[in-house]
Amino acid sequence: MVIRRWEHEVFDILPQERRANIDIVSSAYSSVLGDKAYLSMPITSGKRYYEILDHYGVKTVEELEKKIPGALREEIIIPNIDDGKKFAERLAPELDSSLIVPAIFEARRQRWTQEEYMVLWLRLLTKSVKEIYLLDGWEYSNGGAIEFARGLMIRYRFIEERNDRLLIYDHKKRPVSIEEGARKLTEAIKDLTRRGHQTSTLRKELGRVAGIAAYCNDYLTSRDKWAYHANGIGLNSGATITAAKSVGAMIALTRD
């Protein structure tokens, strides 16, 4: 089963110079041989983002910047980056793999958009990362949810370039299952909805996570296909699908 991926669509419509920049950076990362691990961490969103919005009584980053100019960078982005770097410094010596830390790479002067950063990270995840480590609170981060869903698509072999089983761990180096990730996303969505925040990206990625479970659980999926995607991996399809349904997430493997 081949899925047209979001980063391909975004990359294809970028100006040639912007695409070339992503290619150059991606090539530089590829020049590092050996296994690679990836730290999934919030930068522009996450728990701190919603706490700051609540603190100032606003619901969007636009409202925040209008009320407190510079708050996004000073009160959300910089503290998130600092937390990510500190965690990475503790984690890296414990790993046998080279650790990719998104917080360390910055293309602010080149005016990279969030979409361009995400294209780069998803490309690296898909091509060469062997294991993902999720920073505590990842389920509140739009990027964290996207990266978790991509990791599962690789683990369950829905990405044509990969045939291995990518490993996903939490901040304590414990394996994260598909149902555990779905549960955390569901709890975050319920919490943010109760607080009046928009959760469309989290719901979309939860729906895609549940889509993996639904495909593997579908009676129309042949035994051979099931064995290719899910054999040898624990998969509680029922719990994952139920979690997605409880918050109205649209269950589908495609992004849109």
Among (1) outside any loop (DSSP other than H, G, I, E, B); (2) under 15 Å from the mean Cα position of the chain (by Cα); (3) of a type outside the set (Ser, Thr, Tyr); (4) more than 28 Å from Ala20 (Cβ to Cβ), where does Glu147 come up short?
(4)
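Given the criteria among the charged types (D, E, K, R) and surrounded by 15 or more Cβ atoms within 10 Å (Cβ to Cβ), does Asp83 qualify? It would help to see each step written out before you state the result.
Numbers: among the charged types (D, E, K, R): yes; surrounded by 15 or more Cβ atoms within 10 Å (Cβ to Cβ): yes.
So Asp83 passes the test.
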Filter pass, Arg150 being without any contact (Cβ under 8 Å) to a residue 60 or more places away in the chain, touching a helix residue (DSSP H, G or I) at 6+ places or on another chain (Cβ under 6 Å) and surrounded by 17 or more Cβ atoms within 10 Å (Cβ to Cβ):
yes
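Yes/no per residue for (1) of a type in the set (D, E, K, R); (2) surrounded by fewer than 23 Cβ atoms within 10 Å (Cβ to Cβ):
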{"position": "Leu166", "(1), (2)": "no, yes"}
{"position": "Lys173", "(1), (2)": "yes, yes"}
{"position": "Thr186", "(1), (2)": "no, no"}
{"position": "Leu206", "(1), (2)": "no, no"}
{"position": "Gly211", "(1), (2)": "no, no"}
{"position": "Ser222", "(1), (2)": "no, yes"}
Residue identified as in a strand (DSSP E or B), aliphatic (A, V, I, L, M), within 18 Å of Glu147 (Cβ to Cβ) and touching a residue at least 24 places away in the same chain (Cβ under 8 Å) among Leu99, Leu91, Leu120
Leu99
Tally, over segment 127-152, of residues that are modelled with pLDDT under 90 and of a type outside the set (D, E, K, R)
1
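So that you can scan it fast, the table gives a plain yes or no per residue for (1) within 22 Å of the chain's Cα centre (by Cα); (2) modelled with pLDDT of 90 or more; (3) within 26 Å of Val101 (Cβ to Cβ):
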residue	(1), (2), (3)
Arg4	yes, no, no
His8	yes, no, yes
Pro15	no, no, no
Val25	yes, yes, yes
Asp35	yes, yes, yes
Ser45	yes, yes, yes
Tyr50	yes, yes, yes
Asn80	yes, yes, yes
Of (1) surrounded by fewer than 21 Cβ atoms within 10 Å (Cβ to Cβ); (2) farther than 20 Å from Ile132 by Cα; (3) modelled with pLDDT under 90, Tyr215 fails just (1)
With the requirement that a residue be surrounded by fewer than 24 Cβ atoms within 10 Å (Cβ to Cβ) and part of a loop (DSSP other than H, G, I, E, B), what does segment 131-144 give you?
Leu135, Asp136, Gly137
Candidates Ser128, Ser97 - the one that is surrounded by fewer than 16 Cβ atoms within 10 Å (Cβ to Cβ), among the hydroxyl-bearing types (Ser, Thr, Tyr), at negative phi and touching a strand residue (DSSP E or B) at 6+ places or on another chain (Cβ under 6 Å):
Ser97
Report, by residue number, each residue of segment 200-224 that is of a type in the set (Ser, Thr, Tyr) and either touching a residue at least 24 places away in the same chain (Cβ under 8 Å) or part of a helix (DSSP H, G or I) (or both).
Ser200, Thr201, Tyr215
(1) modelled with pLDDT under 95; (2) surrounded by 14 or more Cβ atoms within 10 Å (Cβ to Cβ); (3) charged (D, E, K, R); (4) touching a Ser or Thr at 6+ places or on another chain (Cβ under 9 Å): which one isn't true of Arg19, the others all being true?
(4)
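The values are calculated or read from the model by the stated rules, or taken from the named source; none is laboratory data. Bear in mind the structure is a predicted one, so any value in this text is a computation, not a measurement. Please note: Cβ atoms are built from the backbone with ideal geometry, for glycine as well, and neighbour counts cover all protein chains shown.
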